[in-house]
Amino acid sequence: MVRSLGAVLLPDLAERDLEVPPDQVPALLSECLLLREKPEEVVANTEPVRSAAEHRSASDDRLSTLVEVAGRAQAPGGGVVIW
């Protein structure tokens, strides 16, 4: 579903760990920010395991963490591994 919003890297997490090399960290940041800006679209197309508000909160927490980690990785020219 997030692929239809323009995400390319993050959808891979559904099937495997994600290794983002330094040159793709800016794209990862862009995807995280994109998904944080469109919580209703993300929630509307996922299975309702929890309420929409709970899903939005959990997604925002995870995306905030990814943005923080990717930002730190960018400074020294590092990459990110998400499992």
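Of all residues in the stretch 37-56 being within 15 Å of the chain's Cα centre (by Cα) and not charged (D, E, K, R), which is nearest to Ala7 (Cα to Cα)?
Val42
Filter the stretch 45-83 for residues that are part of a loop (DSSP other than H, G, I, E, B) and loosely packed, with under 13 Cβ neighbours inside 10 Å and give the result.
Asn45, Glu47, Pro48, Val49, Ser51, Ala75, Pro76, Gly77, Trp83
Among the residues of the stretch 41-75, write down those that are among the charged types (D, E, K, R) and free of Cβ contacts under 8 Å to residues at least 12 places away in the same chain. Give the derivation first.
So in the stretch 41-75, the residues among the charged types (D, E, K, R) come out as 41, 47, 50, 54, 56, 60-62, 68, 72.
Scanning the stretch 41-75 gives Glu47, Arg50, Glu54, Asp61, Arg62, Glu68, Arg72.
I need a count of the residues in the stretch 9-44 that are out of contact with any helix residue (DSSP H, G or I) (no Cβ under 7 Å at 6 or more places or on another chain) and not in a helix (DSSP H, G or I).
Qualifying residue count, the stretch 9-44: 5.
Bear in mind that the values in this text are calculations on the coordinates, not laboratory data. Note that this is a predicted model, so its numbers are computed, not measured. Using ideal geometry, Cβ is built from the backbone for each residue, glycine included, and neighbour counts are taken over all protein chains shown.
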